[in-house]
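Structure first, commentary second.
The values are calculated or read from the model by the stated rules, or taken from the named source; none is laboratory data. Here the structure is a predicted model, which means the values were calculated and not measured. Cβ sites come from the backbone with ideal geometry, for glycine too, and all protein chains shown count toward neighbours. Accessible surface is based on the protein model in full, side chains and every heavy atom, while ligands, DNA and RNA are left aside. Shrake-Rupley method; radii C 1.70, N 1.55, O 1.52, S 1.80 Å.
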Amino acid sequence: MVATRQIDLSRALDADEIVPYFQPIVELRTGVLTGFEALARWRHPVHGPISPEIFIPLAEEHGLIGTLTGNLLRRVFSVAASLPQELCISFNISPLQFRDPSLSRQIDSAAQLAGFSLKRLILEITESALIDNIDQAQSIAQDWKAHGISLALDDFGTGYSSLRHLQSLPFDELKVDASFVREISDTRESRKIVAAIIGLGHSLGLTTVAEGIETKDKADMLVRLGCDIGQGWLYGPPVPPDDLSDFLSRRSLSPIHAISSFP
Ligand code: C2E
Ligand code: MG
Ligand code: MG
Ligand code: MG
């Protein structure tokens with residue numbers, strides 16, 4: 001079964017079945033678009049869509065993550081290079097990739113090929129990338145910063161949540177995990193946790209980002225709590241590159257309000 005899946009993943013890579021989709025990220029107070037998060041999608045010809053939570057670990061297990069990431073970076077940067085210059089692109093890096101010394105070169109060469117400026121790139125890592133060797137993590141992160149890349153701590157609050165990670169690495173963004181956002185209008189506790197995370201982020205000079213915003217009342221609550229930017233179904237799901245220009249032209253007609261009817 002595992003061997004079959006491995007062959008299938010290699011085949012899918014050769015057949016370019018795994019592609020990036022792009023989810024809008026907006027400034028919560030104004031609704032102005034600030035960028036997109038690239039999210040990998042595998043549309044399997046027989047099994048239909050397969051979640052990245054399944055195929056990313058599979059690619060890591062079978063030594064295919066380097067090839068997959070290279071493919072994704074090339075596609076993401078070539079799309080991003082054609083988007084308005086003020087828009088940033090967030091790209092997820094899994095814990096294993098984070099330690100891969102060739103990743104930096106892969107990013108550089110893909111960006112050069114596409115003519116994409118790394119000043120527009122935000123790399124997202126989770127806390128599990130940081131647990132074993134903080135010194136090594138620091139030098140990797142500093143190398144990225146030297147290239148002009150920004151750094152986000154993804155899914156904050158769900159993993160090991162050592163505050164030392166926030167202190168020792170040069171993060172630019174703190175992403176509040178969707179599990180807190182989901183409960184924000186239901187329980188006082190989750191509201192207080194989100195308020196505390198936002199306060200912590202701001203006191204460290206970080207931009208705070210909320211994930212999984214599905215409703216207007218949650219967006220309003222996040223604005224009241226001072227959260228800076230966010231993403232979620234309310235503003236739009238991840239869409240294929242071909243749909244981006246349509247999204248952008250509709251967006252420019254009504255930048256202030258969430259496009260709840262999209263797509
Ligand atoms: P993540 O980076 O935390 O991404 C956010 C996830 O929340 C995405 O799931 C997105 O589709 C989903 N989401 C966005 N808005 C909403 C909403 O309003 N409601 C709900 N319920 N969900 C929402 P997705 O695309 O399935 O990705 C899952 C995880 O897989 C990502 O979590 C990320 O850790 C990983 N991943 C995705 N693409 C890549 C990739 O290219 N490389 C690596 N290494 N990991 C990736
Ligand atoms: Mg992410
Ligand atoms: Mg996340
Ligand atoms: Mg996640």
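Here are the numbers for the structure shown:
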{"quantity": "Of P237, A178, V223, farthest towards positive along the dipole that unit charges on Lys, Arg, Asp, Glu beta carbons give region 123-263", "calculated": "V223"}
{"quantity": "Sequence-distant residues sharing a close amide H with R41 (under 5 Å, placed H)", "calculated": "V19, Y21"}
{"quantity": "Whole-percent carbon and sulfur share, accessible surface of the chain, 1.4 Å", "calculated": "54"}
{"quantity": "When region 144-198 is reduced to its Cα atoms, the Kirkwood hydrodynamic radius in Å", "calculated": "12.3"}
{"quantity": "Projected-area average for region 127-222 over all orientations - Cα convex hull basis, square nanometres", "calculated": "6.3"}
{"quantity": "13 Å beta-carbon shell around L73, net charge (K/R +1, D/E -1)", "calculated": "+1"}
{"quantity": "Value of Rg to Rh for region 27-78 (Rh from inverse mean 1/r over Cα pairs, i.e. Kirkwood)", "calculated": "1.11"}
{"quantity": "Under the Debye formula (equal points on every Cα, no solvent term), log10 I(q)/I(0) of the chain at q = 0.10, 0.11 Å⁻¹", "calculated": "-0.50, -0.62"}
{"quantity": "Count of Lys pairs (Cα-Cα under 18 Å; at least 8 positions apart or interchain) in the chain", "calculated": "4"}
{"quantity": "Surface per residue (accessible, 1.4 Å probe) for the chain, Å²", "calculated": "47"}
{"quantity": "Convex hull per residue volume in Å³, alpha carbons only, for region 1-114", "calculated": "120"}
{"quantity": "Expected 222 nm ellipticity per residue - DSSP helices of 4 or more, -39500 (n - 2.57), all of the chain, to 500", "calculated": "-13000 deg cm²/dmol"}
